[in-house]
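As structure tokens, the structure follows; a few thoughts come after it.
The values are calculated or read from the model by the stated rules, or taken from the named source; none is laboratory data. These numbers come from a predicted model, not from an experiment. Don't worry about glycine lacking a Cβ; one is built from the backbone with ideal geometry, like all the others, and counts go over all protein chains shown.
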Amino acid sequence: MLQRFTTRLDVPLRGSFDPEPRIAHASKAVIIKGMFLAQHAAAIGEGWPEVERKLLSPPRDGRYLTYGDYPLPDYLRVVFAGAARESPALPLAEACRLAARRHMQAFAVSTVGRVMLAMITEPRRALLDLPDMFARGSRGILIEAAPHGEGVRVEMQHIGGLQDCSAIGTIEGCVLRYGARPMIDVQLRTGEHAVYDVTWT
């Protein structure tokens, strides 16, 4: 399964999909910190009770703890529901992409994020530090980043269900934070393995 396409900020992703198979195949061994679920849960609004009933580890009192551990299937369910509620007129892939651009801000306001990002002033360094950021915000996702041509190659594994939508938005948000406009050559190698060659202007 090799799919390849290039993303630009002003060109929406056109893919729509059924979220349930992706949620069902997500590994329960992959853990995501609550800081990355809170914004999506808030976007669900009045639809939260319906989503909450389907979660493996629903948050106590409906509030995600910044450094709490939550399984990847729950993360996908909350992300997909929140994105669909925020951007109902868009294909789900594009809605997830746009929502995920805010992940860097969620990380930036956390204690560990403030410390890490204080020393970063440009997108190349931010992208190269993505493995360290993911290590502090998740467990079980494999991330590598290295210089590649004029940009940075980011390789992700074990984030199935997100690699053609939210993962793109997360990388874009990383570049946008430093005032640059990203373009990403996306290679979906398998359902669990993707490569992103990122350049910017």
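Figures for the structure shown
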| quantity | calculated |
| --- | --- |
| Qualifying residues in region 68-93 (those that are surrounded by fewer than 24 Cβ atoms within 10 Å (Cβ to Cβ) and of a type in the set (Ser, Thr, Tyr)) - the one nearest to Lys54 (Cα to Cα) | Tyr70 |
| Candidate set from region 139-194 (those that are polar (S, T, N, Q) and in contact with a helix residue (DSSP H, G or I) (Cβ under 8 Å, 6 or more places away or on another chain)); member that is nearest to Pro73 (Cα to Cα) | Ser166 |
| Any pair with Cβ under 6 angstrom, 6 or more apart, that starts in region 140-155 at a residue that is under 13 Å from Met183 (Cα atoms) and surrounded by fewer than 14 Cβ atoms within 10 Å (Cβ to Cβ) and ends at one that is at pLDDT 95 or above and not aliphatic (A, V, I, L, M) | Glu150/Thr199 |
| Some residue of region 113-120 being surrounded by fewer than 17 Cβ atoms within 10 Å (Cβ to Cβ), touching a helix residue (DSSP H, G or I) at 6+ places or on another chain (Cβ under 9 Å) and within 23 Å of Val186 (Cα to Cα) | no |
| Candidates Arg4, Arg14, filtered to the one that is in contact (Cβ under 8 Å) with a residue 60 or more places away in the chain, in a strand (DSSP E or B) and more than 13 Å from the chain's Cα centre (by Cα) | Arg4 |
| Filtered residues of region 30-68 (kept if polar (S, T, N, Q) and in a helix (DSSP H, G or I)) | Gln39 |
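Yes/no per residue for (1) farther than 22 Å from Ile184 by Cα; (2) modelled with pLDDT of 95 or more; (3) of a type in the set (Gly, Ala, Ser); (4) out of contact with any Ser or Thr (no Cβ under 6 Å at 6 or more places or on another chain):
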residue: Met1; (1), (2), (3), (4): no, no, no, no
residue: Arg8; (1), (2), (3), (4): no, yes, no, yes
residue: Gly15; (1), (2), (3), (4): no, no, yes, yes
residue: Pro58; (1), (2), (3), (4): yes, yes, no, yes
residue: Asp61; (1), (2), (3), (4): yes, no, no, yes
